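Trainee: Below you will find the structure I want to go over with you.
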Amino acid sequence: MRAPRAVAGLPRAFWVLWAGTLINRLGTMVQPFLALYLTRVRHVSLAGTGGVLTVWAVGSLISQPVAGVLADRIGRRATLAGGTLLAGAAMVALGYSRGLAVIVPIVFVLGLAIDAFRPASNAIVADIVPAEERPRAFGLLFWAVNLGFSVAVIAGGWLAGHAAVWLFWTDAVTSVMFGLLVWRAVPETRSGLGKELPGGLLDVGRDRLMMAYVGVSIAYAVVYLQTLVGLPLAMKLSGRSPAQFGLVIALNGVLIVLLQPAISARLARRDHSRVLAGGMALVGAGFGLTALASGVLSYALTIVVWTAGEIVVSSVGATIVADLAPAHMRGRYNGVYGLAWGMAGLLAPTLSTRLLALNHWSLWVACAALCGGASLAQLAIAPGVRERSHGAAPVAAAPARAQAGP
């Protein structure tokens, strides 16, 4: 019996990475409930909790380019396994820590480690999956993340109320399992490991096409992150309860789990920039329509629209990074791409709180404008992306550099 098109034809190493990603996300319990844990169990003040979460965000911001450099220098497998093992150890330490003097440095280490696997994971996919199949592969990884996280939030909510320390142990064990699985079953995929190859992190910054794409990604990510900041605040201001927000946002996860594999398979061989631009336009339309929403049903309808766009974007976002990056610098390029999301995480709360303070619709008009601008910008750089994906090397890959940088 032939496997469905959505899952057929990808290499065994990819499925090991997919399984590890699913296991890791099944245990993602600390981050969603950390604020609740700190205030209720460790009796940290609201101001102190906000400070701890900021420290986490700063660590996460730094981790992406650092992990990207490591993925290129010491290898994808070692970086992924090392990051997950460090995250597991930090999880357990945080579960038994008391007092901000101890909690803050551990949280910083956790922020550095918890997402360090991303540049290495994306680089592995680019290394082992043919270019025409990468949208499908990245879409399936995104599907695993959402499937695992949906289960983790439900289980984590129960543990947070009954045995909070098991949040940390569960997250730690699944992180370690992910790293060990990749270490044992995925061969090192970086070619030329141990050799001095041209190109450093600064060369990524000099790659104008990549930096233009980073700008597009920041604009999109600022909008997308309103799912965690602006949307719950807007629903509260319109008289909706937290339970109603939980109900409508759950629709996002359900739609991704049901539709992602099939949609990613259909998009795999289409022009990546046009697909991305279309997905961003859909996300912008969905968030723009939120300006007209007031009841649960109308909010749910806007979520259907932007979730469709999110599914499209998730299939090709990291694929374009793979199109742009020289093979030996895929870790660095993915690290800079991750940095864009970290920067958006710092910008999104400010945008949402200030615009919602003006009126109920200005945030959503701004979101539509940002995504619309990002979509047009992606179409503008599309010819360069196509040329690069067909073999034109960026300046960073030029052999004139004698020694690799950071």
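The values are calculated or read from the model by the stated rules, or taken from the named source; none is laboratory data. Predicted model only: the values in this text are computed from it and were never measured. Here Cβ is always computed from backbone atoms with ideal geometry, including for glycine, and neighbour counts include all displayed protein chains.
Trainee: May I ask you to say which residue of Leu202, Leu251 is closer than 23 Å to Gly342 by Cα, hydrophobic (A, V, I, L, M, F, W, C) and out of contact with any Ser or Thr (no Cβ under 6 Å at 6 or more places or on another chain)?
Mentor: On the way: Leu251 fails: closer than 23 Å to Gly342 by Cα.
On inspection, the qualifying residue turns out to be Leu202.
Trainee: Check whether at least one residue in the range 220-243 is assigned by TED's automatic domain parsing to the domain that holds Leu356, surrounded by fewer than 16 Cβ atoms within 10 Å (Cβ to Cβ), under 23 Å from the mean Cα position of the chain (by Cα) and under 30 Å from Trp364 (Cβ atoms), and report yes or no.
Mentor: Within the range 220-243, one or more residues are assigned by TED's automatic domain parsing to the domain that holds Leu356, surrounded by fewer than 16 Cβ atoms within 10 Å (Cβ to Cβ), under 23 Å from the mean Cα position of the chain (by Cα) and under 30 Å from Trp364 (Cβ atoms).
Trainee: Residues in the range 312-353 that are part of a helix (DSSP H, G or I) and over 16 Å from Ile381 (Cβ atoms): how many?
Mentor: 27
Trainee: Among the residues of the range 108-122, is any modelled with pLDDT under 95 and more than 23 Å from Trp341 (Cβ to Cβ)?
Mentor: no
Table: residues versus (1) under 23 Å from Gly335 (Cβ atoms); (2) of a type in the set (Val, Ile, Thr); (3) outside any helix (DSSP H, G or I).
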{"position": "Trp15", "(1), (2), (3)": "no, no, no"}
{"position": "Ala19", "(1), (2), (3)": "no, no, no"}
{"position": "Leu38", "(1), (2), (3)": "no, no, no"}
{"position": "Arg42", "(1), (2), (3)": "no, no, yes"}
{"position": "Ala57", "(1), (2), (3)": "yes, no, no"}
{"position": "Ser63", "(1), (2), (3)": "yes, no, no"}
{"position": "Phe108", "(1), (2), (3)": "yes, no, no"}
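Trainee: Does any residue of the range 133-154 turn out to be surrounded by fewer than 19 Cβ atoms within 10 Å (Cβ to Cβ), among the hydrophobic types (A, V, I, L, M, F, W, C) and without any contact (Cβ under 8 Å) to a residue 40 or more places away in the chain?
Mentor: yes
Trainee: While we're here: Could you please let me know if Thr307 is in the same structural domain as Arg266 (by TED's automatic domain parsing) and in contact (Cβ under 8 Å) with a residue 60 or more places away in the chain?
Mentor: Details: in the same structural domain as Arg266 (by TED's automatic domain parsing): yes; in contact (Cβ under 8 Å) with a residue 60 or more places away in the chain: no.
Judged against the criteria, Thr307 is not a match.
Trainee: Whether any residue in the range 215-237 is of a type in the set (D, E, K, R), more than 21 Å from Ile124 (Cα to Cα) and part of a helix (DSSP H, G or I) is what I want to check.
Mentor: Scanning the range 215-237 turns up at least one residue that is of a type in the set (D, E, K, R), more than 21 Å from Ile124 (Cα to Cα) and part of a helix (DSSP H, G or I).
Trainee: Looking at (1) over 24 Å from Arg184 (Cβ atoms); (2) modelled with pLDDT of 85 or more; (3) not charged (D, E, K, R), which is the only condition Ala81 fails?
Mentor: (1)
Trainee: Looking at the range 160-181, I want the residues that are in a loop (DSSP other than H, G, I, E, B) and have a partner that is of a type in the set (Val, Ile, Thr) and modelled with pLDDT under 95 with Cβ atoms under 7 Å, at least 6 apart or on another chain. Which pairs are those?
Mentor: Going by the 7 Å Cβ cut-off, the qualifying pairs are Ala164/Val41.
This table checks each residue for (1) hydrophobic (A, V, I, L, M, F, W, C); (2) within 25 Å of Asn334 (Cα to Cα); (3) without any contact (Cβ under 8 Å) to a residue 12 or more places away in the chain; (4) buried (at least 22 other Cβ atoms within 10 Å of the Cβ).
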site: Leu80; (1), (2), (3), (4): yes, yes, no, yes
site: Gly88; (1), (2), (3), (4): no, yes, no, yes
site: Ala93; (1), (2), (3), (4): yes, no, no, no
site: Leu100; (1), (2), (3), (4): yes, no, no, no
site: Pro105; (1), (2), (3), (4): no, no, yes, no
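Trainee: Across the range 157-167, which residue is modelled with the lowest pLDDT among those that are surrounded by fewer than 24 Cβ atoms within 10 Å (Cβ to Cβ) and in contact with a helix residue (DSSP H, G or I) (Cβ under 7 Å, 6 or more places away or on another chain)? Working first, answer last.
Mentor: Taking the range 157-167 and keeping what is surrounded by fewer than 24 Cβ atoms within 10 Å (Cβ to Cβ), we get 157-166.
Now restrict to residues that are in contact with a helix residue (DSSP H, G or I) (Cβ under 7 Å, 6 or more places away or on another chain): 159-160, 164-166.
On the way: Leu159: 72, Ala160: 67, Ala164: 78, Val165: 84, Trp166: 85.
So the residue we want is Ala160.
Trainee: Would you point out the residue of the range 296-337, among those that are more than 19 Å from Asn146 (Cα to Cα) and under 13 Å from the mean Cα position of the chain (by Cα), that is surrounded by the fewest Cβ atoms within 10 Å (Cβ to Cβ)?
Mentor: Val336
Trainee: Here's a follow-up. How many residues are under 15 Å from Leu141 (Cβ atoms) and surrounded by fewer than 17 Cβ atoms within 10 Å (Cβ to Cβ) when one looks only at the range 244-267?
Mentor: So the answer is 1.
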